[in-house]
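Take a look at the structure below.
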């Protein structure tokens, strides 16, 4: 029983540290009219939409691969990954190249988004924990909810958004 109390105390302490660690700079972007944010330290670069080569037998949300200065980078369509309706690409549609943590270290992947908005410095007190949507809904990929000047931004944990299968494919492509 004593160990259980220590474990809860440790988890509570870790939770408060995790809350403090969420504060910082975020690159915000739009998907289907909603605003999302990624930790800026995970962002390698932002580029306009370029030719994407389709790869057969990949999940529906994998748009294909791009050649980025001699490196093959897989591109995930975040709209499709989040089961949102598909739309035509516009001149605002872009690819955000992110570094994702995997078992083999950092792996570069592209995520296609509707538009990039801005970089925001979000303070700890502007971030709330992810609300509970019930036991059947997985929200591990949501780092928290940012409330900035009356607007709500869903802060994503990109390491959780992209699945193990996505990362395995990226590792294989990054090694070539």
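Results, tabulated for the structure shown:
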| item | result |
| --- | --- |
| Tally, over segment 86-102, of residues that are surrounded by fewer than 19 Cβ atoms within 10 Å (Cβ to Cβ), under 15 Å from the mean Cα position of the chain (by Cα) and over 16 Å from residue 26 (Cα atoms) | 2 |
| Selection within segment 54-85 - in contact (Cβ under 8 Å) with a residue 24 or more places away in the chain, loosely packed, with under 15 Cβ neighbours inside 10 Å and over 19 Å from the mean Cα position of the chain (by Cα) | 71 |
| Flag if residue 158 is under 17 Å from the mean Cα position of the chain (by Cα), buried (at least 17 other Cβ atoms within 10 Å of the Cβ), at pLDDT 95 or above and closer than 17 Å to residue 47 by Cβ | no |
| In segment 98-108, the residues that are touching a strand residue (DSSP E or B) at 6+ places or on another chain (Cβ under 7 Å) and within 10 Å of residue 42 (Cβ to Cβ) | 98, 99, 100, 106 |
| Test for residue 113: is it touching a strand residue (DSSP E or B) at 6+ places or on another chain (Cβ under 6 Å), modelled with pLDDT under 90 and under 18 Å from residue 64 (Cβ atoms) | no |
| Exclusive hit being modelled with pLDDT of 60 or more, assigned to a helix (DSSP H, G or I), out of contact with any strand residue (DSSP E or B) (no Cβ under 8 Å at 6 or more places or on another chain) and under 18 Å from residue 146 (Cβ atoms), set 21, 41 | 21 |
| Exclusive hit being modelled with pLDDT of 95 or more and at negative phi, set 73, 122, 46, 127 | 46 |
| Answer from 125, 118 - the residue that is more than 19 Å from residue 157 (Cβ to Cβ), free of Cβ contacts under 8 Å to residues at least 12 places away in the same chain and outside any loop (DSSP other than H, G, I, E, B) | 125 |
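The values are calculated or read from the model by the stated rules, or taken from the named source; none is laboratory data. Note that the structure is a prediction, hence the values are computed from the model and not measured. As a convention, Cβ positions derive from the backbone with ideal geometry for all residues, glycine included, and neighbour counts pool all protein chains shown.
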